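Asker: One structure, pasted below without further comment.
The values are calculated or read from the model by the stated rules, or taken from the named source; none is laboratory data. Please read these numbers as outputs of a predicted model, since none were measured by experiment. Using ideal geometry, Cβ is built from the backbone for each residue, glycine included, and neighbour counts are taken over all protein chains shown. Note: areas computed on protein heavy atoms with side chains; ligands, DNA, RNA excluded. Shrake-Rupley method; radii C 1.70, N 1.55, O 1.52, S 1.80 Å.
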Amino acid sequence: MEDCIFCKLANGEIPTEIVYEDEFVAAFKDLNPQAPIHILVVPKKHYDNVMQVEENDDIIAKIYSAINKIAKKENFAENGFRVINNCGKDAGQTVMHMHFHVIAGKTLGDKIL
Ligand code: AMP
Ligand code: ZN
C-alpha cells in the first residue's frame, strides 16, 4: 500500500526502533504514548483494519502470539496489560493500517467493559 506510514515502519522503509518482528508481524513504540509502555503491533502486510481479515487468515493469531512474546521480553506479562484495536470511524481509527495498541507499565485507567 503506497503512502501508508505503518507499512513503511513495519517493513523498514522508514527507520524506527523495532520492539519485535517476525516474518508476518512488527511492533514499534507509539509516537504519543498513553502509558509507560505503549507498543503498536501490526501486520507487515497491509490491512485497513480488522474488516479486511478473511475467514481462514491466521494473522490475528500471529499478532496475539507476538503480543505474548513481547509481554515476556519487555517484562510486563506478570503485571498485565491491555490490548486495544480501533476499527473504523466510530472507534476513532486514525491510521488506516490495522494495529493493536498494547499498553502497560502502570495501573491502567477505568475499563470501558
Ligand atoms: P488509532 O487512533 O487507533 O488509529 O491509533 C493510531 C496511533 O498511531 C496513535 O496512538 C498515534 O499516536 C500512533 N502513530 C501515528 N503515527 C505514528 C508514527 N509515525 N509512529 C508511531 N506511532 C504513530
Ligand atoms: Zn499499510
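Asker: How many residues does the range 69-93 hold that are of a type in the set (A, V, I, L, M, F, W, C) and more than 16 Å from ligand 1 (Cβ to nearest atom)?
Answerer: Total meeting the criteria: 3.
Asker: Would you check which residues across the range 51-60 are more than 15 Å from ligand 1 (Cβ to nearest atom) and in a helix (DSSP H, G or I) and list them?
Answerer: Scanning the range 51-60 gives I59, I60.
Asker: Looking at (1) more than 12 Å from ligand 1 (Cβ to nearest atom); (2) loosely packed, with under 15 Cβ neighbours inside 10 Å, find the lone condition where A66 falls short.
Answerer: Condition not satisfied by A66: (2).
Asker: Continuing with the same structure: Going through the range 96-113 one residue at a time, which ones are among the β-branched types (V, I, T) and not in a loop (DSSP other than H, G, I, E, B)?
Answerer: V102, I103
Asker: What are the pairs, 6+ residues apart or on separate chains, where a residue within the range 80-95 that is assigned to a loop (DSSP other than H, G, I, E, B) has its Cβ under 9 Å from a residue that is of a type in the set (G, A, S) and open to solvent by less than 40 Å² (accessible area, probe 1.4 Å)?
Answerer: Here the result reads G80/A71; G80/A104; F81/A35; F81/A71; F81/A104, each pair linking the range 80-95 to a residue that is of a type in the set (G, A, S) and open to solvent by less than 40 Å² (accessible area, probe 1.4 Å).
Asker: Considering only the range 66-97, state which residues are touching a strand residue (DSSP E or B) at 6+ places or on another chain (Cβ under 6 Å) and of a type in the set (A, V, I, L, M).
Answerer: Result: A66, I67, I70, V83, I84.
Asker: What pairs come out if I take residues in the range 2-14 that are among the basic types (K, R) and open to solvent by 50 Å² or more (accessible area, probe 1.4 Å) and pair them with residues that are part of a loop (DSSP other than H, G, I, E, B) and within 13 Å of ligand 1 (Cβ to nearest atom) whose C-beta lies under 8 Å away, six or more apart or interchain?
Answerer: Cβ pairs passing all conditions: K8/I14.
Asker: Moving on to the next point. Take the conditions touching a strand residue (DSSP E or B) at 6+ places or on another chain (Cβ under 9 Å) and more than 16 Å from ligand 2 (Cβ to nearest atom) and apply them to I63. Does it pass?
Answerer: In short, no.
Asker: OK, next. Give the number of residues within the range 88-104 that are within 16 Å of the chain's Cα centre (by Cα) and open to solvent by 50 Å² or more (accessible area, probe 1.4 Å).
Answerer: Adding up the residues that qualify gives 2.
Asker: Hey, I63 hits all of (1) modelled with pLDDT of 95 or more; (2) assigned to a loop (DSSP other than H, G, I, E, B) but one; which does it fall short on?
Answerer: Evaluating I63 over (1) modelled with pLDDT of 95 or more; (2) assigned to a loop (DSSP other than H, G, I, E, B) leaves (2) as the failure.
Asker: Output the number of residues of the range 1-50 satisfying the condition of being in a loop (DSSP other than H, G, I, E, B), of a type in the set (F, W, Y) and within 13 Å of ligand 2 (Cβ to nearest atom).
Answerer: Residues meeting the conditions: 1.
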